[in-house]
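The values are calculated or read from the model by the stated rules, or taken from the named source; none is laboratory data. From a predicted model like this one, the values you see are computed outputs, not experimental measurements. Glycine also receives a Cβ, built like all others from the backbone with ideal geometry; neighbour counts cover every protein chain displayed.
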């Protein structure tokens, strides 16, 4: 007899959990409160091709995503960027400056060469055995304040959209934290740490030809995966060996439930969780897709980030038409502007044209402008994040055997990190319940 499993949340965490679970003797129901699957993953293929959410992935750091794509027989749809996608810029002193990609270019670049002495001094700074500290505090202590504000601030906003004065170095950049703990120096650790050999990739970045929505559709087509859209789960509980879900006027029993919601929704489902819903805050972002009927984007590379000290209203710009040229339609330029601003139709055009003119010297009128306000877009790993997650894990471990949870608020906000966490959860189920 086939078992029944429920997954609450139809983002990439829930969908990948459903896929891994579908290989066993389970019928699976995914409950999604919105009218579409995928969370922030959303592809538009109209006059201009755009991803409104995640769009490019590191070929070297996305093993679980690549494995999932292969499992779904989508490998032939993978497209790779050219090597020039490695070129990235910072908008500093009112102009774009290329980030060095080698030690020699670091020494020669006007942007970084003055920091060579700072890096040398870091070798001799004393290690501090701190349990945690903010990214700003860590970088200022190991290097200096300028390095923190000019370089680590935009890197952090590019990944988390967050504030280096609030976010945890141990949770956001565990690699750097561990280098200091093990070697006493970041630079020394990078020199002496063994590098693992990785498979050669056809390009530094990859995506799917028709966008990441392909992944969502392929999973949802599985015979034993059933999609229930526009349906909120109001309560989850366990009675004996059954997980109980309550939707509007409906009570359903399952042999297993996996909760794949954002943290604040997890708290609403389990009010006795020993953390406030704001314990793991989320930031809001706006993505603005801009299409121009002309190949007038003269900068090569991936795009650029903007340190907050520059006083601009945007966090960065992605050069979509440069990264994956196969997704261009005729001669056109495609860009995505990322900002924390809450834009409206009234100020959208003015904002876009100002950025294009001042930053990129583009004066052509865009043929397409659209925006998406992403509320609660990315979880923020603030100080004490690891301790908070431990409390959540212990809460479930002590109370529930048939209810598990996954999501991007654990230790990795990337798509690959979400897939990896869901794979771990299903492996845990396999070992515990001998599927």
Selection from the stretch 113-135 of residues assigned to a loop (DSSP other than H, G, I, E, B), at pLDDT 90 or above and in contact with a helix residue (DSSP H, G or I) (Cβ under 8 Å, 6 or more places away or on another chain) yields 123, 125, 127, 128, 131, 132, 133
Scanning the stretch 204-221 residue by residue, those out of contact with any strand residue (DSSP E or B) (no Cβ under 9 Å at 6 or more places or on another chain) and either at positive phi or assigned to a loop (DSSP other than H, G, I, E, B) (or both) turn out to be 221
Restricted to the stretch 199-227 and to residues being crowded, with 17+ Cβ neighbours inside 10 Å and over 16 Å from residue 68 (Cβ atoms), the residue farthest from the chain's Cα centre (by Cα) is 227
Output for Cβ contacts, cut-off 7 Å, separation at least six or different chains, first residue on the phi < 0 side of the Ramachandran plot in the stretch 26-37, second in a loop (DSSP other than H, G, I, E, B) and buried (at least 21 other Cβ atoms within 10 Å of the Cβ), reads 30/10; 31/233; 32/9; 32/10; 37/10
Of the residues in the stretch 395-419, those that are closer than 19 Å to residue 170 by Cβ and either in a helix (DSSP H, G or I) or not assigned by TED's automatic domain parsing to the domain that holds residue 267 (or both) come to 417
Residue 201 passes all but one of the listed conditions (1) part of a helix (DSSP H, G or I); (2) not assigned by TED's automatic domain parsing to the domain that holds residue 410; the exception is number (1)
Expected single match for over 26 Å from residue 98 (Cα atoms) and touching a helix residue (DSSP H, G or I) at 6+ places or on another chain (Cβ under 7 Å) among 343, 348 is 343
Taking the stretch 60-112 and keeping residues over 22 Å from residue 360 (Cβ atoms), outside any helix (DSSP H, G or I) and modelled with pLDDT under 95 leaves 60, 61, 102, 112
Wholly inside the stretch 137-190, helices (runs of 4 or more DSSP H) that include 1 or more residues that are more than 19 Å from residue 388 (Cβ to Cβ) and out of contact with any helix residue (DSSP H, G or I) (no Cβ under 7 Å at 6 or more places or on another chain) are 153-160, 174-183
(Q) residue 81 - would you say it is touching a helix residue (DSSP H, G or I) at 6+ places or on another chain (Cβ under 6 Å), surrounded by 19 or more Cβ atoms within 10 Å (Cβ to Cβ) and assigned by TED's automatic domain parsing to the domain that holds residue 411? (A) no
Going through the stretch 232-272 in order, the residues found to be touching a strand residue (DSSP E or B) at 6+ places or on another chain (Cβ under 9 Å), surrounded by fewer than 16 Cβ atoms within 10 Å (Cβ to Cβ) and outside any strand (DSSP E or B) are 232, 234
